[in-house]
Amino acid sequence: DAKTTQPTSMDCAEGRAANLPCNHSTISGNEYVYWYRQIHSQGPQYIIHGLKNNETNEMASLIITEDRKSSTLILPHATLRDTAVYYCIVRANSGGGADGLTFGKGTHLIIQP
Amino acid sequence: DTGVSQDPRHKITKRGQNVTFRCDPISEHNRLYWYRQTLGQGPEFLTYFQNEAQLEKSRLLSDRFSAERPKGSFSTLEIQRTEQGDSAMYLCASSRQGAGVNEQFFGPGTRLTVL
């Protein structure tokens, strides 16, 4: 799986959009970008994934650059409950996604009241 | 609550003792994963089951660790002769086999402290 680079921590004001960047310059053509988050004392939670097109769901939007070397997770209206560690993971989908996920250290997002 | 449950939530043991953790996945999920997470780090993959078959094991899974999923439903993770370095959060996740991407649903974890 390609390596990802994320900032260690970020702050965002409550109600504002939180934009979390991820660099994955060695991504290959069959690798997807996944985002998970982990709220304190809980297991990780899936947020969104994409291959090359931008994606949006009820939780967030994922913007992937045209060269696919970086992406941004957007939480449109951050709330205090969005304070968590956010993990960007790049992996191939061979075998229907059966392989274990490779987590880095992620970005600790702190939403300020 | 994701629907994945783990028991116990916390375990304190003395070095050298054996411990066993249980994971109950979402009922229709045939894939089950175990991860370990130490303080300040992301989860690390340990092993994976499809139904009752253990299909992948990480090099992190030493000989003291054994996992089973006897009937393709719940799974157990046993650690023999525990060491202080085994202190960590042990996470279980499940997913459903299907075409395309499979989202993994994680349980709350079992926190192990080895004294």
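The values are calculated or read from the model by the stated rules, or taken from the named source; none is laboratory data. What you are looking at is a predicted structure, and each value in this text was computed from that prediction instead of being measured. Cβ atoms come from the backbone with ideal geometry, glycine included; neighbour counts cover every protein chain shown.
Overview of results
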read-out: For B:T47: the one exception among (1) assigned to a loop (DSSP other than H, G, I, E, B); (2) in contact with a strand residue (DSSP E or B) (Cβ under 6 Å, 6 or more places away or on another chain); (3) in contact (Cβ under 8 Å) with a residue 12 or more places away in the chain; value: (1)
read-out: Residue that is nearest to the other protein chains (Cβ to nearest Cβ), among those in segment A:2-55 that are over 15 Å from the mean Cα position of the chain (by Cα) and under 22 Å from B:Q37 (Cα atoms); value: A:G43
read-out: Residue among B:R69, B:R96, B:R31 that alone is in contact with a His (Cβ under 6 Å, 6 or more places away or on another chain) and touching a residue at least 12 places away in the same chain (Cβ under 8 Å); value: B:R96
read-out: Selection status of B:R111, in contact with a helix residue (DSSP H, G or I) (Cβ under 9 Å, 6 or more places away or on another chain), more than 7 Å from chain A (Cβ to nearest Cβ) and in a strand (DSSP E or B); value: no
read-out: Answer residue from segment B:1-47, given it is buried (at least 19 other Cβ atoms within 10 Å of the Cβ) and among the β-branched types (V, I, T) and is nearest to B:R69 (Cα to Cα) among those; value: B:T47
read-out: Condition broken by A:F103, with the remaining ones in (1) of a type in the set (A, V, I, L, M, F, W, C); (2) more than 14 Å from every other protein chain (Cβ to nearest Cβ); (3) not in a strand (DSSP E or B) satisfied; value: (2)
read-out: Residue count, segment B:38-54 (criterion: more than 8 Å from chain A (Cβ to nearest Cβ) and not β-branched (V, I, T)); value: 6
read-out: Candidates A:H49, A:H77, A:H24, A:H40 - the one that is crowded, with 17+ Cβ neighbours inside 10 Å, touching a residue at least 24 places away in the same chain (Cβ under 8 Å) and not aliphatic (A, V, I, L, M); value: A:H24
read-out: Matching entry among A:K3, A:K69 (being touching a Gly at 6+ places or on another chain (Cβ under 9 Å) and among the charged types (D, E, K, R)); value: A:K3
read-out: Meets criteria (out of contact with any Asp or Glu (no Cβ under 9 Å at 6 or more places or on another chain), free of Cβ contacts under 8 Å to residues at least 24 places away in the same chain and either in a strand (DSSP E or B) or more than 21 Å from B:T47 (Cα to Cα) (or both)) for A:S71; value: no
read-out: A:M59, sole failed condition from (1) part of a strand (DSSP E or B); (2) more than 11 Å from chain B (Cβ to nearest Cβ); value: (1)
read-out: Single unsatisfied condition, A:L101 versus (1) surrounded by 17 or more Cβ atoms within 10 Å (Cβ to Cβ); (2) at pLDDT 95 or above; (3) out of contact with any helix residue (DSSP H, G or I) (no Cβ under 9 Å at 6 or more places or on another chain); value: (2)
read-out: Condition met for A:Q38 (at pLDDT 95 or above and within 27 Å of B:C92 (Cα to Cα)); value: yes
read-out: Positions within segment B:1-22 being under 17 Å from A:Q45 (Cα atoms), within 11 Å of chain A (Cβ to nearest Cβ) and of a type outside the set (S, T, Y), in sequence order; value: B:D1, B:V4, B:Q6
read-out: Any hit, segment A:5-18, residues being farther than 24 Å from B:C92 by Cβ, touching a Pro at 6+ places or on another chain (Cβ under 8 Å) and of a type in the set (S, T, N, Q); value: yes
